[in-house]
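Everything on this sheet refers to the single structure shown next.
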Amino acid sequence: MRAAVLKDDELLAVVVDPIRRALIDELLDRGEATASALAGAVPVTRQAVTKHLAVLDRVGFVEPHRMGREVRYSLRVERVDAAAAALARVASTWDRRLRRIKHIAESLHEASKAPDEAADTSRGS
């Protein structure tokens, strides 16, 4: 899946988690960090951070680099940028859908008012 383009559902599953988003933000700020260093920035254990980093690695958001005994993680910015563009497309699609739903609801509301207004007008004559 690493080289493949993420499907919307897969992408959303990755970024919906607040810990993973926090790790992405930390790596954006730091450039690179170990799981231990990242664990200090989020309210979960180092083991949980390692599992979240494995998910981010599987989808190509981070790249691990072994330096002696440590594994340092850096963000693959091009993948995160591609994901942001994909999320923008999803948001745009939903904006269009919601505008259509609003238009339909407003049309139905206006149509339901029309018979009442017609009855009021005929009584007034």
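Side notes on the structure shown:
- Only one of the listed residues (Glu26, Glu63) is surrounded by 14 or more Cβ atoms within 10 Å (Cβ to Cβ), under 24 Å from Ala85 (Cβ atoms) and touching a strand residue (DSSP E or B) at 6+ places or on another chain (Cβ under 6 Å). That residue is Glu63.
- Residue check, Leu12 out of contact with any Cys (no Cβ under 6 Å at 6 or more places or on another chain), in a helix (DSSP H, G or I), closer than 17 Å to Ala85 by Cβ and in contact (Cβ under 8 Å) with a residue 60 or more places away in the chain: yes
- Condition met for Arg96 (touching a Phe, Trp or Tyr at 6+ places or on another chain (Cβ under 7 Å) and either free of Cβ contacts under 8 Å to residues at least 40 places away in the same chain or over 24 Å from Lys7 (Cα atoms) (or both)): no
- Candidates are the residues of segment 73-106 that are of a type in the set (A, V, I, L, M, F, W, C), assigned to a helix (DSSP H, G or I) and within 30 Å of Thr34 (Cβ to Cβ); the one that is farthest from the chain's Cα centre (by Cα) is Val77.
Readers should treat all values here as calculations from the given coordinates under stated rules, not as data from a laboratory. This structure is a prediction, so every number in the text was calculated from the model and none was measured. With ideal geometry, Cβ positions are generated from the backbone for all residues, glycine too; neighbour counts draw on all protein chains shown.
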